[in-house]
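Undergrad: The structure that follows is given in the form of structure tokens.
Where a number appears in this text, it was derived from the coordinates with a stated rule and is not lab data. This structure is a prediction, so every number in the text was calculated from the model and none was measured. Cβ atoms come from the backbone with ideal geometry, glycine included; neighbour counts cover every protein chain shown.
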Amino acid sequence: MPLRSVSLAVLASALMAGCSMVPVMPERTLPVAAQWPDGAAAQTAGTPAAAPASLTWRQYFADERLQALIEAALAQNRDLRVAVLNIDQARAAWQIARADQLPTVNAALNGTRQPGSTAPYAVGTTATGGLSISAFELDLFGLVAALSEAASAQFLATEEARKTVQISLVASVAHGYYQWWADQWQLALAEQTLRTREATLKLQQLKFDQGVLNELDLRTAQSAVEQARIAVAQFRRAVQLDANAMTLLLGQPLQPQWAPLVPTLRLSTEGDAEAAAPIIDARKLWPSLSALPVGLPSEVLLKRPDIVQAEQLLKAANANIGAARAARFPRIALTASAGVASNSLEGLFTDGRTAWSFAGNLTAPIFDMGRSAANVQVSELKRDAAVAQYDKAIQTAFREVSDALVSRSTYGDQVQAQQAQVEAEAARFRLSALRYRTGVASQLDLLDAQRSLFAAQQSLISTELARQQAHIGLYKALGGGLEAPATP
């Protein structure tokens, strides 16, 4: 009989839990334009390819060294590890909130020994044992269900946050790798330029010692050598800083096989040390990346993990409104137990008698100085803030994709122009060297052409890096870079 009463109470609670005070989420439109800006819209068409969200980083980044770096980062990066642990924490909190919707059944064994209340005040023993349910709340107005819904949304938001961290980590490793590679190119160019200029200065010094070269030309050659030596020091520092940054991203020491390949350069006007300069081949800077199609904003933005995260946080804030509203209504808590009782611990398991209890507790707020109403207002304001944050997340994503589209287009054009300038400067240097050897041009003309070629090649490397990073930025902005999550 008592067990059946407890079962009926639990059933009644489950039936009445359908009453919810959580507001209905209205349909929302994207707070951005229906199309990409004109400068970006021209880049949405192109060679058909897989959608960015389904194109994993292994497919997008074909370089094996970069793949090894990304694998190491996904396995050991501490930010990603924290994100995974946050998921476990949110999952546990959701399980706690969900468990409150069902009664907690405990096994209890109690014993007391005390003197009687009347003469001769004999000491007596009482022992009880059985199952008990303590303070189970009937969710009449959906308070517990709303809290569980909010915890569930928080858990899902945390999972999306982990995806965002992974996408950002993959993009950061790719950015760092290409920066490292570009600085390796800059260092190789500076070192080769220094060697050629030192050879030139050595010949100039011999001419000066023999009286066939004036001091102005000698000092100009010395200045050119020191300029190259400054560049070498700068890019040696940059390469080491790039390696340090990559070590932090990976969360472990770098392996030698992960470093970018050291580039080799060819010399212009070989055989003439006084008129030589290194020439880079832009086609060998780094492998091209996959083409990325871009659809409409609604198709792209709503799939980004950070947008989904903002949406889940909005749902959690909306569910908390229902919990705050339900807290203003009466709450009923049930306590029940069923088992056996005896005058001795030994008799509890042999001749104990049936014992049960059932109690209810009703609590209704009457006067709280407006605390409950203020809690509802706070929850509504937090929901409104979550709406604004959701809209801001969409607008930020729209801008990131638009910027990446424009950058991808304009940097492509800039690289072509920069490459043409390098070729023109290389031709100018060759002509200056020829004129210098025939006595038509001066040493100053040759050094000026050499400096211009060096500066143009440095700019080409920097522009190529910016173009590659624009491709990576677009891949990140479109939500690419996901794979099966690692378990750090």
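Undergrad: Write down the Å³ per residue value for the convex hull defined by the alpha carbon atoms of the range 373-485.
TA: 150
Undergrad: Moving on. Please work out the ratio of the alpha-carbon Rg of the range 305-446 to 2.2 N^0.38 Å and round it to two decimals.
TA: For the range 305-446, the normalised Cα radius of gyration is 2.73.
Undergrad: Alpha carbon centre of the range 399-450 versus the range 63-84: separation in Å?
TA: Centre-to-centre (Cα) distance: 38 Å.
Undergrad: Using the basic label-point model (7 angstrom from Cα toward the beta carbon), what is the LEU216 to ASN244 distance in nanometres?
TA: 4.4
Undergrad: Let's test the formula: R0 of 35 Å, r as the Cβ-Cβ distance of GLN255 and ALA374. What FRET efficiency results, to the nearest 0.05?
TA: According to the calculation, E is roughly 0.05.
Undergrad: Taking the mean number of other Cβ atoms within 10 Å as a proxy for protection, how do you rank 23-31, 78-86, 148-156 from highest to lowest?
TA: Packing order, densest peptide first, comes out as 148-156, 78-86, 23-31.
Undergrad: Say each of ARG58 and ALA364 gets a label point 7 Å from the Cα, pointing the same way as Cα to Cβ; how far apart are those two points in nm?
TA: For ARG58 paired with ALA364, the spin-label model returns 6.4 nm.
Undergrad: Another question, if that's okay. Could you give the nm distance between label points at ASP88 and ALA424, where each point is 7 Å from its Cα heading toward the beta carbon?
TA: Going from the ASP88 label point to the ALA424 one covers 6.1 nm.
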